Amino acid sequence: EVGWDACAEVDQASVDVRGASSLTTNFECDDVDHDGLDDLVLKFRARDMEDPTSDECADPDATIELTGATLAGQPIGGFDDVTWTGPACD
C-alpha cells in the first residue's frame, strides 16, 4: 500500500504465526511482489509453531494467520494459504 512502510513501521518482535515469533535478526526488506514498494520479509521457525490439526493436514489450502502490531501499537494481521507437511501430518 502506498504510504505504508512495513519495514520501518512494524514492531517485528510482536509478529506471531501460530505461537512462533519472528526471527527479528533474520529479516529483509525487498520488493518481492514487484509493485515498487519494499515488503517486510520475516522468517519463523516451523518447529516453534503450534502443530496443525488433522483437518489442516488434509487441506491443501489451509489458512494460517499472522498477527502483530506497528511500533505505534496499531494491531496488524493477515491470512494466507499453506500446505502443511512434516511429522505432524504424517
State the answer as a single residue: which of A8, L23, T83 lies farthest towards the positive end of the charge dipole of the chain, with beta carbon charges of +1 for Lys and Arg and -1 for Asp and Glu, about the Cα centre. L23
Across the alpha-carbon set of the chain, Rg over Rh with Rh taken as the Kirkwood radius works out to 1.00
Whats the longest run of the chain with zero GluC sites (Glu not before Pro) that are DSSP loop and have at most 12 other Cβ atoms within 10 Å? 2-49
Dividing the mean separation of Cα pairs under 8 Å (6+ apart) by the residue count of the chain yields a relative contact order in percent of 29
Which residue, P60, P75, P52, has the most motion in a Gaussian network model of the chain that connects Cα atoms within less than 10 Å? P60
With the full set of protein chains in place, find how many percent of the accessible area of region 13-90 is carbon and sulfur; take the probe as 1.4 Å. 48
Residue-ordered couplings for region 18-32, obtained by feeding phi - 60° into the Karplus form 6.51 cos²θ - 1.76 cosθ + 1.60 and rounding to whole Hz (Gly and Pro as x), are 6, x, 9, 7, 6, 7, 5, 8, 10, 9, 8, 10, 8, 7, 6
Could you check how many percent of all C-alpha pairs in region 46-90 are farther apart than 16 Å? 46
Which whole-number value in Å² is the accessible area per residue of region 1-65, probe 1.4 Å? 65
Which ³J(HN,Hα) values, rounded to whole Hz and listed in residue order, are derived for region 46-54 from phi using the Karplus coefficients 6.51, -1.76 and 1.60 in 6.51 cos²θ - 1.76 cosθ + 1.60 with θ = phi - 60°, glycine and proline given as x? 4, 5, 8, 7, 4, 5, x, 6, 5
Which whole-number percentage describes the relative contact order of region 1-40, with Cα contacts under 8 Å and a sequence gap of 6 or more? 39
Extend 7 Å from the Cα of D35 along its Cα-to-C-beta direction; within region 41-62, residues with backbone N under 15 Å of that point are 41
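The values are calculated or read from the model by the stated rules, or taken from the named source; none is laboratory data. Because the structure is a prediction, the values reported are computed rather than measured. Positions of Cβ are backbone-derived with ideal geometry, glycine not excepted, and every protein chain shown enters the neighbour counts. Only protein heavy atoms, including side chains, enter the accessible area calculation; ligands, DNA and RNA are left aside. Shrake-Rupley method; radii C 1.70, N 1.55, O 1.52, S 1.80 Å.
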